[in-house]
């Protein structure tokens, strides 16, 4: 099997229960983020919320893994770039402590907007300049 076919399958991969697994992971992800952000903003000692912090990291990577496994085209779409920006912003959060309210609010609002944006926005590929649901074929079908 060629690497391209492995990363970019002609049809999206799936498995029974995939949708419910994603719903469960996303719910745990949002819940754990809410706990961590609240604890962070109100100065709760880190040892109290550390496991919730680990849970939001694990669930986030779980969601990324499922999308990447489904089809590598995910890495060409705007939704991936938004995840990368959020991870970069969170990596640099500490210098703004103890006043991170607007910083964290911007990350959460951006996440919500992109998550609920139309598919033409979420699946937009900056590389292709359009919505990208599948890689363009090298041999497009000919008219009959």
Residue 102 being over 30 Å from residue 134 (Cα atoms), more than 13 Å from the chain's Cα centre (by Cα), loosely packed, with under 15 Cβ neighbours inside 10 Å and at pLDDT 90 or above | no
If we scan the stretch 127-136, do we find a residue that is at pLDDT below 80 and surrounded by fewer than 12 Cβ atoms within 10 Å (Cβ to Cβ)?
-> yes
By residue number, the members of the stretch 1-49 that are part of a loop (DSSP other than H, G, I, E, B) and under 30 Å from residue 134 (Cα atoms) are 1, 2, 8, 9, 10, 11, 12, 13, 14, 15, 16, 17
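Matching residues to (1) in contact with a helix residue (DSSP H, G or I) (Cβ under 6 Å, 6 or more places away or on another chain); (2) surrounded by 14 or more Cβ atoms within 10 Å (Cβ to Cβ); (3) assigned by TED's automatic domain parsing to the domain that holds residue 112:
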position: 23; (1), (2), (3): no, no, no
position: 30; (1), (2), (3): no, yes, no
position: 33; (1), (2), (3): yes, yes, no
position: 43; (1), (2), (3): no, no, no
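The values are calculated or read from the model by the stated rules, or taken from the named source; none is laboratory data. Here the structure is a predicted model, which means the values were calculated and not measured. Quick reminder, even Gly has a Cβ in these numbers, built from the backbone with ideal geometry, and neighbours come from all protein chains shown.
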